[in-house]
Amino acid sequence: MLVQGSIVALITPFNENGSVNFNKLGELIEFHVANQTDAILVLGTTGETPTLTHDEDDSVVKYTIEKVAKRLPVYVGAGSNSTKTQVTYAKKYADMGADALLVIAPYYNKANEEGMYLHFEMVANAVDIPLIIYNVPGRTGCTIPVSVVKRLAKLENVAAIKEASGDISYFAKVCALASDDFQVYSGNDDMIVPAMSLGASGVISVVANILPQETHDMVASYLAGNIHTSRNLQLKYLDFINALFIETNPIPIKEAMNLRGMEVGGYRLPLTFMSEENRMKLIEQMKVIGQ
């Protein structure tokens with residue numbers, strides 16, 4: 001069984017010259033260990049993986065696993081719209097010591113239902129560690145059909161789904177498939193409490209990059225039966241969470257971290273800095289929550 005809690009979708013910090021800032025990555029890892037983040041996910045979309053090189057991917061995974069040193073589970077994004085490539089990544093990161101893998105629906109080329117199922121089944125057959133399948137139609141242009149999720153949930157090492165459609169009806173149908181062997185994670189920070197009310201085990205989170213303790217507490221409170229506390233945390237940070245998605249993720253979260261003095265650097269094109277109008281909206285919401 002994977003963790004119940006807050007899994008941070010970790011940003012990738014960059015130096016001024018655009019290279020990966022491994023010293024800062026180490027600081028961020030220690031920040032999450034100290035603030036009760038329940039697991040760390042690297043090489044997700046929030047980590048700007050579309051613009052990392054394959055060598056950088058490998059270096060980030062190796063560094064993270066070594067730095068964490070088993071203090072937290074390390075989950076690794078191994079997604080590709082090429083099934084063969086996704087299998088290759090999955091094998092590599094499993095061999096490097098990842099505790100679980102995040103694998104994505106095939107974007108751009110998409111797939112019919114059987115192709116979608118086989119895309120994930122081939123990865124499941126190639127590795128022994130748990131897989132988290134990832135439904136994010138806003139990024140991929142396609143939704144994993146519930147019928148496919150149901151089939152995949154029966155596979156031994158398909159352990160969870162990260163569901164980020166924002167469609168509460170779809171989310172409910174997926175949660176109906178949850179069991180001791182198949183968990184559901186919210187992929188939307190603005191829906192953590194609603195998701196958990198339907199049976200989610202936690203969240204794979206963007207806001208946890210800057211509010212790790214608060215995100216952990218939101219999930220832990222719900223799991224402990226303190227629903228009022230959990231709900232209040234969700235509502236307290238809701239406007240700030242919404243501000244983190246006023247432009248393409250991870251632009252606002254990295255801006256917020258830099259405004260807080262965390263010095264995580266800039267972006268790789270085609271991502272670039274926020275518009276001044278949106279930056280001021282983000283600053284206003286940071287003031288509201290005392291950041």
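Things to note:
This table checks each residue for (1) modelled with pLDDT of 95 or more; (2) touching a Phe, Trp or Tyr at 6+ places or on another chain (Cβ under 8 Å).
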| site | (1), (2) |
| --- | --- |
| Ile40 | yes, yes |
| Asp58 | yes, no |
| Thr64 | yes, no |
| Lys67 | yes, no |
| Tyr75 | yes, no |
| Gly97 | yes, no |
| Pro106 | no, no |
| Phe120 | yes, no |
| Asn125 | yes, no |
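- Looking at the range 181-291, none of the helices (runs of 4 or more DSSP H) lying wholly inside it contains 3 or more residues that are in contact with a Lys or Arg (Cβ under 9 Å, 6 or more places away or on another chain) and of a type in the set (Phe, Trp, Tyr).
- Residue that is nearest to the chain's Cα centre (by Cα) [pool: residues in the range 35-64 that are hydrophobic (A, V, I, L, M, F, W, C) and closer than 22 Å to Gly265 by Cα]: Leu41
- Matching entry among Gly202, Gly225 (being touching a Gly at 6+ places or on another chain (Cβ under 8 Å) and within 27 Å of Ala172 (Cα to Cα)): Gly202
- Qualifying residue in the range 141-162 (condition: modelled with pLDDT of 95 or more, under 22 Å from Ala39 (Cβ atoms), touching a Gly at 6+ places or on another chain (Cβ under 6 Å) and not hydroxyl-bearing (Ser, Thr, Tyr)): yes
- Of the residues examined, Val193 is one that is within 26 Å of Thr229 (Cβ to Cβ) and either touching a helix residue (DSSP H, G or I) at 6+ places or on another chain (Cβ under 8 Å) or buried (at least 22 other Cβ atoms within 10 Å of the Cβ) (or both).
- Summed over the range 131-185, residues that are open to solvent by 40 Å² or more (accessible area, probe 1.4 Å), closer than 19 Å to Val76 by Cα and of a type in the set (A, V, I, L, M) total 0.
The values are calculated or read from the model by the stated rules, or taken from the named source; none is laboratory data. Please read these numbers as outputs of a predicted model, since none were measured by experiment. Please note: Cβ atoms are built from the backbone with ideal geometry, for glycine as well, and neighbour counts cover all protein chains shown. These area figures cover heavy atoms from the full protein model, side chains too; ligands, DNA and RNA do not enter into them. Shrake-Rupley method; radii C 1.70, N 1.55, O 1.52, S 1.80 Å.
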